[in-house]
Amino acid sequence: MRRTLLEGLRRPLTEMLPADPEMARLGLTLERAARRRLGRSLAIREVDAGSCNGCELEIIALGNPCYDLERFGLSFVASPRHADVLLVTGPVTRNMREALLRTYAATPSPKWVLAAGDCAAGCGVFAASPACMGSVASVIPVDLVVSGCPPTPARLIAALITLLGPG
Amino acid sequence: MMAWREAGEALAAGRAGLVSLWADGPRARLALLLDDTVQIVDHPAPDGTFPSIGRLHPPAIRLERALAESSPLVPLGLPDTRRWLDHGENPTVYPFLPVKGRHLHQIPVGPVHAGIIEPGHFRFTCDGETVVRLEERLGYVHRGVEALMAGKVPAEAARIAARISGDATVAYAFAFARAVESVLGVAVPPRAIWLRALMAELERLANHLGDVGAICNDAAFGLLLAHCSVLREEVLRACAFAFRHRLMMGCVVPGGVAVDLSREGEARLRALAARVGAAFPPLLSLYDRTASLQDRTVGTGILRPELAALWAAGGFVGRASGRDFDARRFTPPYEALSFSVPVLEAGDVDARLRIRAAEISESLGLITQILDRLPVGPLLARVPAGAGEGFSLVESFRGDVFFHLRITEGLIVRAHARDPSWFQWPLLEAAIEGNIVADFPLCNKSFNCSYAGHDL
């Protein structure tokens, strides 16, 4: 039984990803520094700063066998103290502002911030709410923005690879 | 019409279940479930006060805390008057409940806690490894959803409703649309009614597959996560192919649906149902035969049926603890479809996983039935401007979502949404008692409450 199930996963489920020229262009200024400092390895701490959890679903999907994020040297870590990259989602809520600032402060330099999703990019449908602060960039420095509601796993991977630079 | 006090007593005595409690201008409003029917009970509060329901019936306490901080009304006798969703000017200060006792220590976790997960704070009080008490602090993803919906036309507010809890975007859009349609008397075309149910079942299928895998992963059995996450990915890709969005966000709108299902889309969904129907049973069988995995899930995080009943807990949380309720029984087109609602009594992590497994099989059956009998015709009815109030109760994958709307001249005056998590989060505090700290992720995942849906 178990052998059958393991065999089921040995089929080539992991896929090649389409190149995204727009992402490559956006990341040109970042990639040299990131590559020099970190090599082909990035530790990511995900921070939900007010998301509806749609972005989290697609970020979780990055770990499934189809996208298999770790093959690129990218892994999610539990603590910002272990992270090179903060992957931030949501229209930063007033209630999360302080937690986001502290998470950013706890992340050792050099560090990069990737704002993922339309809410993180520009506050999305919550732009007019007094309970939200605005985009992630209005609270902490942002290096790269990925749009989408939510961004697809392929777009998220393309953005993360952009941070690493071309192989 | 039931009086306020009478409603409080019916709730406290277990004769009725609490659906929601909110403020609407100068009155407090209560929705309760009596003999499978939702009733709205009002308490006009010209002096700005009303008798607290939470005083008699604890499930109302957090709703009244949220009400008190977001409206001028004061619930008299509310046992807990701390802030809840709105953390105020200094969110880092919060008076946690005092804990006294020898050998106790506390573990504060969150709001940014391990994993790719929404923010919340968990304050564990432990004796050695055993959790003596858990106190939750939520509200971190409070986006002011209800205030934001006021003053908008239904089509615009639907975009916000679809983003209350992203994992239940179809159910929320469905509930919001049904509330709008009940207020404005919209007759939704039959094809749209059936497509909504199809999307709702696909959403349930995707989430349950993800949850079964994630629960096993939290018991250190990653193989089932790998298999289940591939199946989940296949569901999302089929949804993207059939409805042009992986999560089907924005597909259900007031008046009907925004996307039609093509013949190719239908074929893809049939193939998906066959594929998941063939692939899932061997996975469940693996779960059944792996004693080391069941050693973690059986008997862990038990929610007693009395508590599930008192809190009128919805979804797999309630159904794994003996509460036989599913809002689909009262939602078209389900009266024309054949499905059963699984109910178990054990109330542990294992029971919550098995309810999901049984519901996966029911959803696959529903998807096939819907595809076989999908009516042809228009997708969208016109939504007229009008006035009135109305509500809806729609079964999301995690339980019943309640929406209440008051509309004047085609604009929303007051929107109130109640996620099933409101009555599940507090039960997680009860279920974890006496378990070890290391089993908290497992218990939490088996509940899978929504932070965003609760925090609004």
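The values are calculated or read from the model by the stated rules, or taken from the named source; none is laboratory data. None of these values were measured; they are calculated from a predicted model. Here Cβ is always computed from backbone atoms with ideal geometry, including for glycine, and neighbour counts include all displayed protein chains. Heavy atoms of the whole protein, side chains included, go into the accessibility calculation; ligands, DNA and RNA do not. Shrake-Rupley method; radii C 1.70, N 1.55, O 1.52, S 1.80 Å.
Of note:
- Sites B:Ala309 and B:Val109 - FRET efficiency at Förster radius 22 Å, r taken between beta-carbons, to 0.05: 0.15
- Low-density loop positions, trypsin sites (Lys or Arg not before Pro), the range B:326-431 - DSSP coil, at most 14 other Cβ in 10 Å: B:Arg382
- Looking at the protein assembly as shown, the DSSP beta bridges with both ends there are about 70 percent antiparallel.
- Charged-residue dipole, Cβ positions (Lys, Arg, Asp, Glu), the range B:4-76 about Cα centre, Debye nearest 20: 180
- If a spin label sat at a point 7 angstrom from the Cα of B:Arg373 along the line to its beta carbon, the backbone N atoms of the range B:170-206 nearer than 16 Å would be those of B:190-199, B:201.
- In the range A:132-167, comparing the full protein assembly with the chain on its own, the residues that lose 40 Å² or more of accessible surface at a 1.4 Å probe are A:Cys149.
- Classification of the range B:350-456 by its C-alpha gyration tensor yields an oblate form. The axis ratio a/c (a ≥ b ≥ c) is 1.5 or more, and b/c is at least a/b.
- Probing with 1.4 Å while keeping every protein chain in the model, the per residue accessible area of the range B:167-401 equals 32 Å².
- For chain B, calculated [θ]222 nm from helices alone, where every DSSP H run of n ≥ 4 adds -39500 (n - 2.57): -13000 deg cm²/dmol
- Members of the range B:111-130 that become less accessible by 50 Å² or more once partner protein chains are added (1.4 angstrom probe, chain alone as reference): B:Val112, B:Ile116
- Whether the protein assembly as shown is rounded, prolate or oblate, judged on the alpha carbon gyration tensor where a/c under 1.5 counts as rounded: rounded
- In the range B:1-93, the GluC sites (Glu not before Pro) that fall in loop regions by DSSP, at most 11 other Cβ within 10 Å: B:Glu89
- Contact order normalised by residue count of the range B:374-446, Cα under 8 Å, 6+ apart, percent: 20
- Taking all protein chains into account, the per residue accessible area for the range B:4-76 stands at 39 Å² (1.4 Å probe).
- Separation of alpha-carbon centers, the range B:382-433 and the range B:42-58, rounded to whole Å: 20
- The range B:10-25 and the range B:210-271: distance between their alpha carbon centers, rounded to Å: 35
- The protein assembly as shown, accessible surface, carbon-and-sulfur percent (1.4 angstrom probe): 55
- Antiparallel DSSP beta bridges within the range A:22-164, as percent of all bridges there, nearest 5: 10
- When A and B come together, around 3900 square angstrom of accessible surface is lost from both chains combined, probe 1.4 Å.
- Debye, to nearest 20: dipole size of the protein assembly as shown, +1 on Lys, Arg Cβ, -1 on Asp, Glu Cβ: 1160
- Near B:Thr81, once Lys and Arg are set to +1 and Asp and Glu to -1 for all other residues with Cβ below 13 Å from its Cβ, the sum equals +2.
- Gyration tensor (alpha-carbon) shape descriptor, the range B:167-401, a/c threshold 1.5: oblate
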